[in-house]
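Everything on this sheet refers to the single structure shown next.
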Amino acid sequence: MKKLFSIALLFVVAGLLSFTGDKSLQLPVPKGWSKPLYDFSANPLSEAKIALGRKLFHDPLLSRDKTISCSSCHLPQTSFTHIDHDLSHGIDGRIGKRNSPVLINLAWSRNFMWDGAVHQLDAQPLAPISNPDEMDDTLVNVLQKLRNASSYPALFEKAYGDTNITGERMLKALSAFMLTFISADSKYDKVMRKEPGAAFNEYEARGYATFKAQCASCHTEPLFTNGAFENNGLAPDTFLNDKGRMSITGKTTDELKFKVPTLRNIELTYPYMHDGRYKNLQMVLFHYTNNIFESSTLSPKLRGGLQLSESDKRDLIAFLKTLTDENFTHNNAFFPEPPTAP
Ligand code: HEC
Ligand code: HEC
């Protein structure tokens with residue numbers, strides 16, 4: 001009994017996937033969170049599928065010249081973004097148009113990309129694979145490369161029962177892997193769960209109160225996003241000329257609106273915003289107080305800018321750092337499988 005209990009505890013502590021009888025897996029839903037939005041009935045999780053997705057995610061074979069993998073732009077140690085790069089860097093050193101977003105808690109996302117261009121996680125990888133600035137290949141060609149690679153037919157068989165390598169199977173395996181990127185073990189989470197010894201210090205506690213008053217209507221707990229598209233007052237970049245959500249809907253009321261990003265692991269994911277224009281959190285807070293660009297679609301909550309004193313800002317940053325989840329960024333299961341000894 002005691003052993004059973006400690007095994008169960010292990011699963012909870014590590015935030016790992018728990019087994020159900022038939023070797024299929026269920027995504028663990030952190031305590032107090034809503035049900036995931038992803039439709040698992042169309043893509044049941046299994047260990048073998050996640051393992052296949054893990055290999056695909058880290059494999060540069062998915063790009064035209066075999067130099068760029070998904071993890072070139074989405075590095076596990078930085079919560080699956082590319083730190084220090086304002087705009088993403090793809091094949092032949094080509095520069096993309098946007099900052100690579102974190103990949104966290106994707107099972108709870110309704111829209112993908114900064115402008116919500118994609119509605120289905122399973123369809124999402126098609127964009128980078130075929131984007132000339134990212135991986136610059138075609139699905140047909142990538143599938144052919146997988147069929148010719150020595151290891152893949154057996155991995156597809158383990159995951160799907162036969163060696164048939166199809167686009168749908170590849171995409172579902174990538175989703176299966178990405179769905180396991182659950183971050184819910186930061187200091188903030190421990191404090192909320194009232195774990196023994198977990199408590200905010202006075203700065204963090206004041207920062208949390210300010211956060212709830214000034215930020216949480218958009219960066220809503222526990223995901224730290226409300227999933228909506230908002231204009232948070234960034235002056236348009238005349239070179240990139242990115243209209244955000246409007247380029248998808250065509251509506252002028254959506255001009256300069258972007259998906260509200262999560263703030264989980266925000267300490268690690270600089271530079272910030274869809275074009276990576278701010279290098280640190282001090283600059284982000286200066287933006288919200290002093291640099292709001294007024295336009296017709298600006299969120300009414302931000303008109304005139306927020307009122308934050310220097311000590312409010314210091315406390316807010318202390319709070320934001322409690323969202324760092326090192327069990328997530330150090331999770332071995334997210335890194336490439338270590339090579340097996342010959
Ligand atoms: C060259 C860099 C680059 C590569 C390679 C890349 N991505 Fe991305 N990824 C991005 C950027 C930039 C965005 C945001 C694009 C936008 O908003 O228009 C993004 C967005 C995403 C999103 C949406 C996240 C969200 O919350 O909206 C997912 C999921 C994703 N990528 C998965 C992948 C997968 C899987 C691969 C490999 C098949 C991959 N990416 C390869 C740069 C890259
Ligand atoms: C009206 C909604 C709204 C409010 C209120 C708001 N934000 Fe944001 N926030 C956004 C949007 C939208 C973005 C993404 C904008 C973009 O890149 O175009 C964003 C981006 C950010 C980013 C960068 C995230 C990243 O991954 O690049 C940080 C940090 C941030 N906000 C912190 C805060 C803090 C702290 C507050 C309160 C002082 C706050 N926000 C208030 C909507 C809001």
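The values are calculated or read from the model by the stated rules, or taken from the named source; none is laboratory data. This structure is a prediction, so every number in the text was calculated from the model and none was measured. Cβ placement follows ideal geometry from the backbone for every residue including glycine, while neighbour counts extend to all protein chains displayed. All accessible areas refer to the heavy atoms of the entire protein, side chains included, with ligands and DNA or RNA removed. Shrake-Rupley method; radii C 1.70, N 1.55, O 1.52, S 1.80 Å.
Odds and ends about this structure:
- Residues that are of a type in the set (Asp, Glu) and more than 15 Å from ligand 2 (Cβ to nearest atom), drawn from region 58-107: ASP59, ASP65, ASP92
- Filtered residue count, region 88-102, keeping only those that are small (Gly, Ala, Ser), within 7 Å of ligand 1 (Cβ to nearest atom) and free of Cβ contacts under 8 Å to residues at least 40 places away in the same chain: 2
- Of all the numbered requirements in (1) within 21 Å of THR269 (Cα to Cα); (2) modelled with pLDDT under 90, TRP114 misses one, and that requirement is (2).
- Test: SER150 is among the polar types (S, T, N, Q), assigned by TED's automatic domain parsing to the domain that holds LYS66 and closer than 29 Å to PRO30 by Cα: no
Residue-by-condition table, conditions (1) open to solvent by less than 50 Å² (accessible area, probe 1.4 Å); (2) more than 8 Å from ligand 1 (Cβ to nearest atom); (3) not in a loop (DSSP other than H, G, I, E, B):
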| position | (1), (2), (3) |
| --- | --- |
| ASP86 | no, yes, no |
| ASP122 | yes, yes, yes |
| PRO128 | yes, no, yes |
| PRO132 | no, yes, no |
| ASP136 | yes, yes, no |
| ASN141 | no, yes, yes |
| SER150 | no, yes, no |
| ALA154 | no, yes, yes |
| MET170 | yes, yes, yes |
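- Residue that is surrounded by the most Cβ atoms within 10 Å (Cβ to Cβ) [pool: residues in region 303-342 that are within 20 Å of ARG193 (Cα to Cα) and of a type in the set (Val, Ile, Thr)]: THR322
- From the options PRO236, PRO300, residue that is at pLDDT 95 or above and either open to solvent by 20 Å² or more (accessible area, probe 1.4 Å) or under 15 Å from the mean Cα position of the chain (by Cα) (or both): PRO300
- Entirely in region 174-250, the helices (runs of 4 or more DSSP H) that have 1 or more residues that are among the charged types (D, E, K, R): 187-192, 202-214
- Applying a threshold of 7 Å to beta carbon distances and a minimum spacing of six or more residues, or different chains, the list of pairs starting in region 217-234 at a residue that is outside the structural domain of ARG277 (by TED's automatic domain parsing) and ending at one that is buried (at least 20 other Cβ atoms within 10 Å of the Cβ) and small (Gly, Ala, Ser) is empty.
- Applying the set (1) surrounded by fewer than 20 Cβ atoms within 10 Å (Cβ to Cβ); (2) aromatic (Phe, Trp, Tyr); (3) modelled with pLDDT of 95 or more to PHE258 leaves exactly one unmet item: (1).
- Residue list for region 209-233, restricted to those being over 19 Å from the mean Cα position of the chain (by Cα) and within 16 Å of ligand 1 (Cβ to nearest atom): ASN231, ASN232
- Residues of region 88-120 that are acidic (Asp, Glu) and not in a loop (DSSP other than H, G, I, E, B): ASP92 alone.
- The residues listed here are ASN241, ASN280; of these, the one that is surrounded by fewer than 18 Cβ atoms within 10 Å (Cβ to Cβ), within 23 Å of LEU75 (Cα to Cα) and out of contact with any Cys (no Cβ under 7 Å at 6 or more places or on another chain) is ASN280.
- Subset of region 111-130 [out of contact with any strand residue (DSSP E or B) (no Cβ under 9 Å at 6 or more places or on another chain), within 15 Å of ligand 2 (Cβ to nearest atom) and among the charged types (D, E, K, R)]: none
- Leading residue by the ranking (nearest to PRO222 (Cα to Cα)) among those in region 5-48 that are at pLDDT below 50 and assigned to a loop (DSSP other than H, G, I, E, B): GLY15
- Residues of region 278-305 classified as polar (S, T, N, Q), more than 19 Å from ASP86 (Cβ to Cβ) and part of a loop (DSSP other than H, G, I, E, B), total: 4
- The single residue among ILE83, ILE129 that is at pLDDT below 90 and of a type in the set (Val, Ile, Thr) turns out to be ILE83.
- Taking every residue in region 138-167 that is more than 24 Å from ALA127 (Cα to Cα) and pairing it with any residue that is surrounded by fewer than 16 Cβ atoms within 10 Å (Cβ to Cβ) and acidic (Asp, Glu), at least 6 positions away or on another chain, the pairs with Cβ-Cβ distances below 6 Å are THR163/GLU157.
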